[in-house]
Amino acid sequence: MYFKQILNEDCGCSSYIVASRDSHECAVIDPALDIQPYLEVMQDRGMTLRYIIDTHIHADHVSGNRRLSAETGVPVSLHEAADVLFPFQKLHDGQKLELGPVYMEVLHTPGHRPESISLLIVNPPRSPLPSMVLTGDCLFVGDVGRPDLGGPGAAEQIYESNRRLLGLEDYVEVFPAHFEGSCGRGMCGRPSSTIGFERRFNPMLLLPTKDDFIRELTSSRPPKPLNMEAIIATNRGAATQSWAMLRHPLPHVQDVALDEARPKVESGEWWVVDIREDAEWERVHIPQAHHIPQSQLASRLGEIPSNAVPLVVCQSGVRSHRAAQFLKQADFPIVYSLAGGTGGWAQAGLPVVSGAETPQAITEVVGIH
């Protein structure tokens, strides 16, 4: 068997090539938008592509599945529950995908997304039992997938899906679709683990009851990924917005301090866009800010005046820097990020408001003209 993990540092995602050294047939799982690495491996090793598989509809990066399909003529494979607008080969729970003597068994592990799957890898010449599992966004190293993209009952589904994975032997190696990023809260930076290690040390899997698991999983979660709505629409085939992803090399964006930003904000010279989640915005925000959550930024670019100088704000200044880089790539020539974010603004005693007031109403409340 041939196995290769390809790490995409841009988005913290992993993709995989699984192949038989006997038949030279291979599968590419969760391909990134840049398909050249897969084509090079196949060419260098004389492999024939048989399967292109996404473990789920990705929300934080544009998949290379259809690009690779167009290049090779091999259809895209997804779980039968996948809600996409392009033809695909439907996979079902328990199905075996053969690569010569090697095969992958499909496990439906919903929760993060309704169509989420994991793939057991079995190499019968070496062992009749699985030695590896590609867990998609169900089980991470040190964490589990987020539930808020999976629909009703998603948290309970994530619990049941991970219990199913814990039925595997301790020695089975775990290879998730992420090694960092916004799809989990506390994932480790390691790109792989084992079932036994996660059983013993994964904080989510150590919780004593299902109720404890669901309560912890739903109590707090990371912000939705940058441009999530446009990326999901692209991966479903409902849009062609591959530009919604940050591209490397990343443009330079200046982080500006409060004392520099305040007069520009109050005079209206800078157009403030607050990219935080709804609950964060309603709790407190800068009076002049316009609310566009980062998950909707690419979809709502038209709301930012074309001649504006955007000042992007979040809670502390981390998310806003990346969002500002995206706006610069989206042809806003001058973009700034607020150092310290809304939290720093409030701590400095500068005016803030709560609730969902519009900028016009806010102006009246705080007396800014």
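The values are calculated or read from the model by the stated rules, or taken from the named source; none is laboratory data. All values reported here derive from a predicted model rather than from experimental measurement. Heads up, the Cβs are rebuilt from the backbone with ideal geometry, glycines too, and the neighbour counts pull from every protein chain shown.
Summary of values
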{"read-out": "Residue list for the range 54-98, filter: crowded, with 17+ Cβ neighbours inside 10 Å, farther than 30 Å from residue 244 by Cβ and in contact with a Phe, Trp or Tyr (Cβ under 8 Å, 6 or more places away or on another chain)", "value": "97"}
{"read-out": "Yes/no for residue 220 being among the small types (Gly, Ala, Ser) and either without any contact (Cβ under 8 Å) to a residue 24 or more places away in the chain or under 21 Å from residue 113 (Cβ atoms) (or both)", "value": "yes"}
{"read-out": "Qualifying positions in the range 319-342 - outside any helix (DSSP H, G or I) and either of a type outside the set (Gly, Ala, Ser) or without any contact (Cβ under 8 Å) to a residue 60 or more places away in the chain (or both)", "value": "331, 332, 333, 334, 335, 336, 338"}
{"read-out": "Unmet criterion (only one of (1) of a type outside the set (Val, Ile, Thr); (2) part of a strand (DSSP E or B); (3) touching a Ser or Thr at 6+ places or on another chain (Cβ under 9 Å)) for residue 171", "value": "(2)"}
{"read-out": "One residue from 149, 91 being touching a residue at least 12 places away in the same chain (Cβ under 8 Å), hydrophobic (A, V, I, L, M, F, W, C) and touching a Leu at 6+ places or on another chain (Cβ under 8 Å)", "value": "91"}
{"read-out": "Of all residues making up the range 1-44, the number that are among the hydrophobic types (A, V, I, L, M, F, W, C), assigned to a strand (DSSP E or B) and surrounded by fewer than 20 Cβ atoms within 10 Å (Cβ to Cβ)", "value": "3"}
{"read-out": "Residue in the range 135-145 that is at pLDDT 95 or above, exposed (fewer than 14 other Cβ atoms within 10 Å of the Cβ) and out of contact with any Asp or Glu (no Cβ under 9 Å at 6 or more places or on another chain) present", "value": "no"}
{"read-out": "Residues that are touching a Ser or Thr at 6+ places or on another chain (Cβ under 7 Å) and either more than 28 Å from residue 218 (Cα to Cα) or surrounded by fewer than 21 Cβ atoms within 10 Å (Cβ to Cβ) (or both), drawn from the range 101-134", "value": "101, 102, 121, 123"}
{"read-out": "Qualifying residue in the range 168-183 (condition: out of contact with any strand residue (DSSP E or B) (no Cβ under 8 Å at 6 or more places or on another chain), among the hydroxyl-bearing types (Ser, Thr, Tyr) and in contact (Cβ under 8 Å) with a residue 40 or more places away in the chain)", "value": "yes"}
{"read-out": "Residue list for the range 59-94, restricted to those being in contact with an Asp or Glu (Cβ under 7 Å, 6 or more places away or on another chain), farther than 21 Å from residue 13 by Cβ and not small (Gly, Ala, Ser)", "value": "90, 92"}
{"read-out": "Sole residue being within 20 Å of residue 118 (Cα to Cα) and surrounded by 13 or more Cβ atoms within 10 Å (Cβ to Cβ), chosen from 207, 250, 168", "value": "168"}
{"read-out": "Where residue 194 falls short, out of the listed (1) under 17 Å from the mean Cα position of the chain (by Cα); (2) of a type in the set (Ser, Thr, Tyr); (3) at pLDDT 95 or above", "value": "(1)"}
{"read-out": "Helices (runs of 4 or more DSSP H) within the range 176-293 that include 2 or more residues within 30 Å of residue 340 (Cα to Cα)", "value": "210-219, 228-236, 258-266, 278-283"}
{"read-out": "Test: residue in the range 120-141 that is under 21 Å from residue 4 (Cα atoms), among the basic types (Lys, Arg) and touching a residue at least 40 places away in the same chain (Cβ under 8 Å)", "value": "yes"}
